[in-house]
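Novice: Please see the structure below; I have some questions.
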Amino acid sequence: WQPLKAHTEGVCARLEHHLHYLFEAVPELEPYAKLTAYLHDLGKYRDDFQKHRLGWNPEKAHEEKFSDRKVSHSDAGARFMQLLLDMRREEASELPFVIASHHGRLKDVDALVSRLQNTADAETLVKVAQTELPELGE
């Protein structure tokens, strides 16, 4: 287990390491790639995720056991990327797709569109994440 900030920074560092030569050849890709890394787990900032997947509860000192209930987390970052780049289905949807499917399960853009249409808290979660990751505001 590691704090979300450390995990996100680690993913970004690994991305920079593995794509170093690509960034040299096509430098305009670097900010989009880094943003993808920073947004990939944005939904983990939801209280619901913190309470039910990590056992955190502000009203109790510690939960007795972790919940096995699935709590979505990759949709928020994908939705924020979609909003940020004003992407529509017919246009490039690769970055939101990468974020939303980083654990697998998405088969096509229709599945992505369906999944993201009910994600309403992405902009709020970015503000929460920026308190730990000011790089998101750059």
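The values are calculated or read from the model by the stated rules, or taken from the named source; none is laboratory data. Note that the coordinates shown come from a computational prediction; the quantities given were computed from them, not determined experimentally. Cβ coordinates were reconstructed from backbone atoms using ideal geometry, including for glycine residues, and neighbour counts include every protein chain displayed. Heavy atoms of the whole protein, side chains included, go into the accessibility calculation; ligands, DNA and RNA do not. Shrake-Rupley method; radii C 1.70, N 1.55, O 1.52, S 1.80 Å.
Residues checked against (1) without any contact (Cβ under 8 Å) to a residue 24 or more places away in the chain; (2) farther than 19 Å from L133 by Cβ; (3) among the small types (G, A, S):
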residue: Q2; (1), (2), (3): yes, no, no
residue: A6; (1), (2), (3): yes, no, yes
residue: E9; (1), (2), (3): no, no, no
residue: A13; (1), (2), (3): yes, no, yes
residue: H20; (1), (2), (3): yes, yes, no
residue: E24; (1), (2), (3): yes, yes, no
residue: A33; (1), (2), (3): yes, no, yes
residue: L39; (1), (2), (3): no, no, no
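Novice: List every residue pair whose Cβ atoms sit under 7 Å apart, with the two residues 6 or more apart in sequence or on different chains, where the first one lies in the range 111-138 and is farther than 17 Å from V11 by Cβ and charged (D, E, K, R) and the second, anywhere, is open to solvent by less than 20 Å² (accessible area, probe 1.4 Å) and in a helix (DSSP H, G or I).
Specialist: Within 7 Å, the pairs are R115/D75; R115/A100; D121/A76.
Novice: Working only within the range 71-84, note down all residues that are modelled with pLDDT of 85 or more and touching a helix residue (DSSP H, G or I) at 6+ places or on another chain (Cβ under 6 Å).
Specialist: Within the range 71-84, H73, S74, D75, A76, G77, A78, R79, F80, M81, Q82 qualify.
Novice: Looking only at the range 101-133, how many residues end up being at pLDDT 90 or above and in a helix (DSSP H, G or I)?
Specialist: Counting residues in the range 101-133 that are at pLDDT 90 or above and in a helix (DSSP H, G or I) gives 11.
Novice: Against the conditions (1) at pLDDT 90 or above; (2) assigned to a loop (DSSP other than H, G, I, E, B), where does M87 fall short? Just the number, please.
Specialist: Condition (1) is where M87 drops out.
Novice: Would you pick out the residues in the range 95-138 that are open to solvent by less than 50 Å² (accessible area, probe 1.4 Å) and of a type in the set (V, I, T)?
Specialist: Once the filter is applied, which keeps residues that are open to solvent by less than 50 Å² (accessible area, probe 1.4 Å) and of a type in the set (V, I, T), the range 95-138 yields I99, V109, T119, V126.
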